[in-house]
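The values are calculated or read from the model by the stated rules, or taken from the named source; none is laboratory data. Every value quoted in this text rests on a predicted model; they were computed, and no experiment measured them. Glycine gets a Cβ as well: all are built from the backbone with ideal geometry, and neighbour counts include every protein chain shown. We work out accessible area using only protein heavy atoms, side chains counted, and drop any ligands, DNA or RNA first. Shrake-Rupley method; radii C 1.70, N 1.55, O 1.52, S 1.80 Å.
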Amino acid sequence: MAQVRDMVAAFVAEHGLDSHEHARILIVLEELLTNAMKYGYPNRSQPGSAEVALELESSQLTIEYTDDGAAFDPFGAPAPDLDGPVEERLLGGLGIHIVRSLADGARYGRIDDRNVIQLTRRVAVIERNK
């Protein structure tokens with residue numbers, strides 16, 4: 001996560017994004033990385049790999065996350081029940097729910113034995129004095 005934090009901080013500074021966007025990007029990436037580490041490599045002794053790419057075009061932020069874990073479409077699962085009593089709710093799904101709620105668009109694909117998740121959202125760019 002330290003490498004991801006450094007990369008996101010540099011990206012946010014370079015593109016003039018505010019601290020709220022910085023936090024949102026980190027939350028999304030931490031949830032995706034945590035899920036991959038916890039569930040993506042069952043019965044596998046070798047460490048996995050993940051890659052992150054960030055792109056800003058006008059006010060459209062694209063986050064592309066890939067890993068070589070087991071195939072898993074995080075957007076294919078139903079949203080968790082947030083209305084029922086806590087004692088009756090099924091465990092899991094909140095991280096992906098958070099990821100979905102922080103994105104305007106989300107896509108999943110399995111390409112060359114890798115999970116590819118692409119998230120988009122509109123962001124506000126801070127006007128900087130030149």
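Worth a mention:
- Rounded accessible area of residue 122 (nearest 10 Å², 1.4 Å probe): 140 Å²
- GNM flexibility winner over the chain from 108, 65, 41 (Cα, springs under 10 Å): 41
- Sorting 111, 27 on solvent-accessible area from highest to lowest, probe radius 1.4 Å, gives 111, 27.
- Surface composition of the stretch 6-79: carbon and sulfur atoms hold 52% of the protein heavy-atom accessible area at a 1.4 Å probe.
- Taking other residues whose beta carbon is less than 13 angstrom from the beta carbon of residue 71, and scoring Lys, Arg as +1 and Asp, Glu as -1, yields -3.
- Furthest towards positive pole of dipole, 74, 116, 52, structure part the chain, Cβ charges: 52
- Among the protein heavy atoms, those of residue 7 account for about 70 Å² of accessible surface (1.4 Å probe, every chain in place).
- Computed from backbone phi with θ = phi - 60° and the Karplus coefficients 6.51, -1.76 and 1.60, the 3J(HN,Hα) list for the stretch 40-45 is x, 10, x, 6, 10, 7 Hz; x is used for glycine and proline.
- Choice from 46, 60, 118 with maximal GNM fluctuation in the chain (Cα, 10 Å cutoff): 46
- Surface exposure of the stretch 1-73, expressed per residue as accessible area with a 1.4 Å probe, stands at 59 Å².
- Summarising the label geometry, the points placed 7 Å from Cα in the beta-carbon direction at residue 126 and residue 53 lie 2.8 nm from one another.
- Among [x] 24, 17, 13; [y] 27, 20, 13; [z] 20, 19, 14, the entry derived from the coordinates for semi-axes √(5λ) of the Cα gyration tensor in Å: [y]
- The chain, helix-only ellipticity at 222 nm - DSSP H runs n ≥ 4, -39,500 (n - 2.57), divided by all residues, nearest 500: -10500 deg cm²/dmol
- Accessible heavy-atom area order of 72, 11, highest first, probe of 1.4 Å: 72, 11
- Cβ-defined net charge surrounding residue 40, 14 Å radius [Lys, Arg +1; Asp, Glu -1]: -2
- In this structure, the amide hydrogen of residue 18, modeled 1.01 Å from its nitrogen in the peptide plane, lies closer than 5 angstrom to those of 126, counting only residues at least 5 positions away or on a different chain.
- Span-like helix ranges in the chain, DSSP H, alpha carbon extent 15 angstrom or more, Kyte mean at least -1.0: 2-15, 19-39
- Neighbourhood net charge (15 Å Cβ-Cβ; Lys/Arg +1, Asp/Glu -1) for residue 109: -4
- Extended-chain gain in nm, criterion 0.36 nm per residue less alpha-carbon gap, residue 9 and residue 101: 30.9 nm
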